[in-house]
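Asks: First, the structure itself, so that you have it in front of you.
The values are calculated or read from the model by the stated rules, or taken from the named source; none is laboratory data. A quick note: this is a predicted structure, and the numbers were derived from the prediction, not measured. Cβ: placed from backbone, ideal geometry, glycine included. Neighbour counts: every protein chain shown.
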Amino acid sequence: MSFRKNQRGQIRTIEALLASLLILSTIALVPTQFSIEKTHYDTYYSEGNQVLISLDSNGELSNMIENENWQSLKKSIQSMLPVSLWFNLTVFDSDMNTLNDVVVSNGGAISEEVVAINYVCASSTENYAVYLVRLQLAGAS
């Protein structure tokens, strides 16, 4: 009779060991999924920043904003971003009032995960103004 009690204890130990291995393997797989999403975020954020910086490097961005040339701004952004990326651009003044009354976008969002890049742009003319440019990007999942 005591022999059977010892066997039951061994089975419980093996069962606990297998359960802990199952839990540890599940925990090991979860961070992998987060790192894939983070890479997507970093790529979109980097691409969006590059677009805004290159448009602003020669004062073109602030000129298009001051002249309210939204169509030209849309075409410039479209030419710099990959076709597979959706974008939406909103320009705010220093009081956070929306300046563009026209939608500067290439369609509707194609993903639920949208990356927003906020970029501060100053005018290069004697009429000094500061703008906050918000570029939202999303890609096909």
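Asks: If you check every pair at least six apart or on different chains, which have Cβ atoms under 7 Å apart with a residue in region 103-114 that is in contact (Cβ under 8 Å) with a residue 12 or more places away in the chain first and a residue that is in a loop (DSSP other than H, G, I, E, B) second?
Replies: Close Cβ pairs (under 7 Å, with a partner that is in a loop (DSSP other than H, G, I, E, B)) amount to Ile110/Ala140; Ser111/Ala140; Ser111/Ser141.
Asks: Consider region 56-75. How many of its residues are under 11 Å from Ser123 (Cα atoms) and of a type in the set (A, V, I, L, M, F, W, C)?
Replies: 3
Asks: Which one of these is surrounded by fewer than 17 Cβ atoms within 10 Å (Cβ to Cβ), over 20 Å from the mean Cα position of the chain (by Cα) and modelled with pLDDT of 90 or more: Asp56, Asp101?
Replies: Asp101
Asks: Shifting gears a bit: Name the one entry in Ile110, Ile117 that is touching a Phe, Trp or Tyr at 6+ places or on another chain (Cβ under 8 Å), at pLDDT below 90 and not small (Gly, Ala, Ser).
Replies: Ile110
Asks: Checking the structure you have, find out if any residue of region 59-69 is at pLDDT below 90 and under 23 Å from Asn118 (Cα atoms).
Replies: Among the residues of region 59-69, at least one is at pLDDT below 90 and under 23 Å from Asn118 (Cα atoms), which makes the answer yes.
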